[in-house]
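Note sheet for the following structure.
Each value in this text was obtained by applying a stated rule to the coordinates, not by laboratory testing. Note that the structure is predicted; figures quoted are calculated from it, not measured. Here Cβ is always computed from backbone atoms with ideal geometry, including for glycine, and neighbour counts include all displayed protein chains.
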Amino acid sequence: MSKAAQINWSDPHLINADLHCHSTTSDGTLTPEELAERAAANGVQVWSLTDHDEVGGLARASKAAAEHGMIFIPGVEISVTWSAVTLHIVGLNVDYVNSPLENGLVSVRNGRTERAMEMSRQLEKVGIDGVYEGALKFVGNPNLISRTHFARCLVERGVCKDIREVFERFLTPGKPGYVPHEWASLKQAVQWILDSNGQAVIAHPGRYDLNPMQMDELVTQFVKLGGEGIEVVTGSHTTDQYATYARKSVRSGLKASRGSDFHGPTESRVNLGELPRLPDGCVPIWDNWGKLFS
Ligand code: AMP
Ligand code: MN
Ligand code: MN
Ligand code: MN
């Protein structure tokens, strides 16, 4: 019997699900195959790859997951502009071949190259030249250049000691190298996911610069649009935030998700699959997935 077939779905809280990470198809440093191997070695049973604005790594990830006996959930992390703030919406269980999602993402990716060139021009003004070309050396997918690739370039050049410092000094609002960008709308992102038979999840809510009223408004709008989940246990949250967003999940009726947001062995605080369980009282987003796989 395969490991996937041995999963006991009767107590979903005990299942090791990691539903958020990145490969070289976006801004991760491991290939889909390397991620699958690492996830399996760390005991992940239900695994999703959620590259930024891109589904190009999912077929490879799916094949590799099957070889390791893991259940694979095709995923994506869509960049969204809402109320002048950048948000990330994760799609899980999405159809990704010739789907409304795949088509919608083309427009989200298209702006990235232009934005990257402008970021490079801004950095030139503060005396740092040729960062666009430098960042391209770190890019695994030419359609998907991100701030992370710029950060890796500036660390390699010795401008900053690590990626965190790059984001603190550059690349964030108000700092040189930050270029505002209009991503998908919340409505578009949720609709692409729903039209592709997936489930929409608010990624790492604790990271957004929103006051409590704005956060409530986001959750209300998201629920109205058909959103289904919210990340509670993520590599981007503190332990206190696990509790905060567990309460928000229960109160809003959004199911809880769990994912490391792993980007690479040397860059991520939390390893694939090595997260605490969801707090009691939350309904895991994978609660009723057993019937999909039995
Ligand atoms: P982009 O989609 O090009 O705007 O890049 C966003 C990515 O940058 C995120 O998914 C993270 O991987 C990375 N990032 C954003 N803020 C930080 C930060 N403060 N420290 C490290 N990485 C960050
Ligand atoms: Mn990222
Ligand atoms: Mn994110
Ligand atoms: Mn992410």
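Worth a mention:
- Pairs from the list Lys224/Lys255; Lys63/Lys187; Lys187/Lys291 with a Cα-Cα gap above 20 Å: Lys63/Lys187; Lys187/Lys291.
- Between region 37-74 and region 233-257, the C-alpha centres lie 23 angstrom from each other.
- The equivalent ellipsoid that matches the C-alpha gyration tensor of region 151-294 spans semi-axes of 29, 20, 16 angstrom, in descending order.
- The residue list Ile89, Asn141, Ala151 was ranked by how far each Cα lies along the charge dipole of region 65-178 toward its positive end, using unit charges on Cβ atoms, and Ala151 comes out on top.
- Here region 140-294 is treated with +1 on each Lys and Arg Cβ and -1 on each Asp and Glu Cβ, and its dipole about the Cα centre works out to around 60 debye.
- About its Cα centre, the dipole of region 122-229 is roughly 240 debye, where the only charges are +1 on Lys and Arg Cβ and -1 on Asp and Glu Cβ.
- Most positive-pole-ward Cα, Trp183, Ile202, Thr172, against dipole of region 147-248 from beta carbon charges: Thr172
- Average Cα contact separation per residue, the chain, under 8 Å, 6 or more apart, as relative contact order %: 20 percent
- Global geometry of region 1-128, whether rounded, prolate or oblate, following the gyration tensor of its Cα atoms and the 1.5 cut on a/c: prolate
- Estimated 222 nm signal from helices in the chain, with DSSP H stretches of n ≥ 4 weighted -39500 (n - 2.57), rounded to 500: -11500 deg cm²/dmol
- Principal axis box of region 112-214, alpha-carbon based, largest edge first, Å: 45, 33, 21
- Measuring how big the chain is from its alpha-carbon positions, Rg and Dmax come out at 18.5, 61 Å.
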